[in-house]
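Taking it in order: structure first as structure tokens, then the write-up.
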Amino acid sequence: NTLTVLEYEGRLYPDFDLKAIKGALTFEARPDDVVVCAYPKSGTHWVWEMVRLLLAGTTDVPVVEKDDGMIEFILPEELEKLPSPRALNIHYPFEFLSKSFFTNRSKFVYISRDPRDVAVSYFHHHRKLVQYYKYKGQWQDYLPLFLEGNVDYESWFSYTKSWEEGIAQNLDQPIYVTSYEAMHEDTLGQLRKMAQFLGTRHDDEFLQQVIDKCSFDNMRATKGKNEVFEGSNSPIMYRKGKVGDWKNNFTVAQSERFNEIFEKQMAGTKAHTLYSQLNKRT
Ligand code: A3P
């Protein structure tokens, strides 16, 4: 019951090119970079696409995959070739972010998501990307791996606490904080605030075009053409796109166990306020 991941200096990463994994730690940022930051499966593809269109100021753009701007996946020399302003993304915990982001005051957009929905989504990710992760376990085997952080990018709990602390300690850093749930509940409102934060065009007509272009159905139909892998006939990164799918997967016992760990790990955090009120933990 293990996943194939890359271990580097005692930490777990996806099995990407080590040069890219390392390169991300010393990434050379620019002041006009915008970096979408999230634990995997928290809506990175969705929000990254929105950021890309906002920066472009138009929805009339060629199809580009989110992974083309993924800092720990693309080699530094390739990222260097991208024209400014760059729409980038990274899944690293806050303390692994390159110093250069801070000296340049690059902008971050941070997304959180209900960890139960993240767990379900990450399970499908790990199962479907079989040639990378070689994972054949069932949901009941997978959940303990997720809870213990024996997955690439490790524990959701540690990741989320690292970001909350990082945000609190770096008040000069421009960081727009949102959540997958808020993006669903008030897409236009969230997008408008994000556009204002980025200083881009934010008239309702344009924002509505962005929303339509970034809808789950549209992205599912147009993106990820190279992400359909053996054993899966559906796009891996566009599965259901809903809030609360965990309810279809967790047993009562799993949910109780999850709550216990969540309470122990997250008491007093913003994520605790968000996810224990938003969606009753039963
Ligand atoms: P589900 O597996 O619950 O469907 P990430 O982009 O960080 O890997 O997150 C992937 C999750 O975001 C998946 O969740 C995916 O379906 C969902 N997602 C992708 N594109 C979306 C979109 N345009 N709107 C809403 N959700 C989207």
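Of Val210, Val243, Val177, which residue is out of contact with any Asp or Glu (no Cβ under 9 Å at 6 or more places or on another chain) and β-branched (Val, Ile, Thr)?
Val177
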Q: Could you list, in sequence order, all residues of the stretch 32-72 that are in contact with a strand residue (DSSP E or B) (Cβ under 9 Å, 6 or more places away or on another chain) and part of a loop (DSSP other than H, G, I, E, B)?
A: Asp32, Asp33, Tyr39, Ser42, Gly43, Val64, Ile71, Glu72
Q: Determine whether the stretch 31-43 contains at least one residue that is surrounded by fewer than 21 Cβ atoms within 10 Å (Cβ to Cβ) and away from the ligand (no atom under 12 Å from the Cβ).
A: yes
Q) If only one of Leu53, Leu12 is surrounded by fewer than 19 Cβ atoms within 10 Å (Cβ to Cβ) and not acidic (Asp, Glu), which one is it? A) Leu12
Q: For Lys225, indicate whether it is at pLDDT below 95 and loosely packed, with under 15 Cβ neighbours inside 10 Å.
A: yes
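Would you pick out the residues in the stretch 92-112 that are charged (D, E, K, R) and either touching a Gly at 6+ places or on another chain (Cβ under 6 Å) or under 11 Å from Leu25 (Cα atoms) (or both)?
Glu95, Lys99
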Q | So Gly224, is it within 11 Å of the ligand (Cβ to nearest atom) and closer than 26 Å to Arg116 by Cβ | A | yes
**Q.** Residue check, Glu80 within 21 Å of Gly10 (Cβ to Cβ) and away from the ligand (no atom under 13 Å from the Cβ)
**A.** no
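Conditions (1) surrounded by fewer than 15 Cβ atoms within 10 Å (Cβ to Cβ); (2) modelled with pLDDT of 95 or more, marked per residue:
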site	(1), (2)
Ser234	yes, no
Thr251	yes, yes
Gln265	no, yes
Gly268	yes, yes
Gln277	yes, no
Q | Ile21 vs. criteria among the β-branched types (Val, Ile, Thr), more than 16 Å from the ligand (Cβ to nearest atom) and open to solvent by less than 10 Å² (accessible area, probe 1.4 Å) | A | yes
(Q) Looking at Lys81, Lys22, can you tell me which residue is at pLDDT 95 or above and either more than 30 Å from Gln209 (Cβ to Cβ) or among the small types (Gly, Ala, Ser) (or both)? (A) Lys22
Q) Can you tell me which residues in the stretch 151-173 are closer than 23 Å to His45 by Cα and open to solvent by 30 Å² or more (accessible area, probe 1.4 Å)? A) Glu154, Ser158, Lys161, Glu164, Ile167
Q) Is the stretch 236-246 home to any residue that is within 11 Å of the ligand (Cβ to nearest atom), of a type outside the set (Ser, Thr, Tyr) and within 17 Å of Arg52 (Cβ to Cβ)? A) yes
(Q) Given the condition within 12 Å of the chain's Cα centre (by Cα), under 22 Å from Leu171 (Cα atoms) and among the aromatic types (Phe, Trp, Tyr), answer yes or no: does some residue in the stretch 45-68 qualify? (A) no
Q: Please tell me if Gln209 is at pLDDT 95 or above, within 16 Å of the ligand (Cβ to nearest atom) and open to solvent by 70 Å² or more (accessible area, probe 1.4 Å).
A: yes
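The values are calculated or read from the model by the stated rules, or taken from the named source; none is laboratory data. Computed from a predicted model, the values in this text were never measured in an experiment. Note that each Cβ is placed from the backbone with ideal geometry, even for glycine, and that neighbours are counted across all protein chains shown. These area figures cover heavy atoms from the full protein model, side chains too; ligands, DNA and RNA do not enter into them. Shrake-Rupley method; radii C 1.70, N 1.55, O 1.52, S 1.80 Å.
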